[in-house]
Amino acid sequence: MQRVSLQPDDLDEQNRRFEQRPLAQPVFLNSVPKSGSHLLRNIVRMFVPVEQQYQADFIQYATLSQHKGAFESPMPLLSWGHLLFSDVSAIATAPARKILLVRDPYTWVLAKARFMLTDEFRGELDFLKTAPVTPDQLIQMTIFGIPRKNPSLRETYQYNAAAWLGPDVHLLRFEELREALRDLESEASSAYFAGIFAACGIGLPEDWRERVRIGADPARSGTARENLSGVARDLPDELNNLQRQQVDFACPGIRALLGYE
């Protein structure tokens with residue numbers, strides 16, 4: 001399993017500056033990795049008492065048995081993770097309100113490829129940071145995967161996104177979250193965040209904008225692009241036409257299913 005090394009933040013201290021209302025039901029923030037997971041987590045953390053935040057880890061399928069307390073605790077908890085869909089996952093998360101954050105596969109490929117080259121990403125793919133592979137080859141490895149080392153785009157989006165969709169899951173798109181953050185004073189932004197917090201079972205307090213700004217501050221996110229170190233390859237800002245076709249070939253229909261077409 002790959003490991004992500006991050007510096008601690010001060011959001012617990014920031015959280016305690018505000019009046020917090022207890023959760024009445026567990027909330028699980030699930031996401032496709034590299035889809036703004038820390039951004040969403042940090043925002044929602046500003047609206048939940050610290051004592052009701054399960055901060056042990058990002059919950060994943062391989063470690064789910066160690067973290068079932070996030071969903072079984074007598075006190076409802078906010079938790080987060082990259083949990084693929086399975087019978088075990090569905091049963092474990094049944095008591096929780098579920099939020100699912102996704103990203104356009106076209107930009108996810110570049111975000112994932114870029115992250116694999118950073119100092120913060122450690123594990124059996126470390127060889128790629130110095131291996132003589134071109135940016136195009138790294139992108140292809142991200143799309144199609146590396147056998148027994150790195151899941152493909154199809155595997156990631158099949159089990160971390162598509163399989164979770166249903167009436168009990170509130171779908172969020174990273175691009176819309178980012179757009180809402182650009183103008184917090186707008187009615188559209190207010191309606192957007194009201195929808196997120198309603199799905200979490202959290203009322204929107206009058207000071208919600210200040211809380212969102214604190215949680216969304218890139219300086220408080222160790223995985224924000226501007227805070228990553230060690231990227232040594234000149235990766236493009238957009239996929240070319242061939243690479244987009246490869247994404248569509250690797251996982252046909254996924255962009256339409258998630259609302260990107």
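What follows draws every value from the coordinates through simple rules; no lab data is involved. All values reported here derive from a predicted model rather than from experimental measurement. A quick note on method: Cβ atoms are made from the backbone with ideal geometry, for glycine too, and the neighbour counts reach across all protein chains shown.
Calculated over the chain, the projected area of the Cα convex hull averaged across directions stands at 13.7 nm². Near the amide H of H170, within less than 5 Å, lie the amide hydrogens of K98, I99, L100, all on another chain or at least 5 residues away, with H placed in the peptide plane. Dipole orientation for the chain: of the candidates N42, L239, Q20, L239 has the Cα lying most toward the positive pole (charges on Cβ; Lys, Arg +1; Asp, Glu -1). Structural descriptor for the stretch 126-202: relative contact order 12 percent, calculated from alpha carbon pairs under 8 angstrom and at least 6 residues apart. Mean sequence separation of contacting Cα pairs (under 8 Å, at least six apart), scaled by the length of the stretch 41-165, corresponds to a relative contact order of 21 percent. Mind checking which of A162, Q140, W108 is farthest towards the positive end of the chain's charge dipole, using Cβ charges of +1 (Lys, Arg) and -1 (Asp, Glu) about the Cα centre? The listed residue farthest towards the positive side: Q140. The dipole here belongs to the chain: it is taken about the Cα centre, uses +1 on the Cβ of Lys and Arg and -1 on the Cβ of Asp and Glu, and is about 560 debye. Hey, in the GNM for the chain with a 10 angstrom Cα cutoff, which one of L177, L23, L128 fluctuates hardest? Result for the chain, Cα springs under 10 Å: L128 fluctuates most. Rounded to the nearest 20, the Cβ-based charge dipole of the stretch 8-148 about its Cα centre (Lys and Arg +1, Asp and Glu -1) stands at 320 debye.
Against the main long axis of the alpha-carbon atoms of the chain, helix 135-144 sits at an angle near 60°. Once C-alpha pairs closer than 8 Å and six or more residues apart are averaged by separation and normalised to the residue number of the chain, the relative contact order reads 28 percent.
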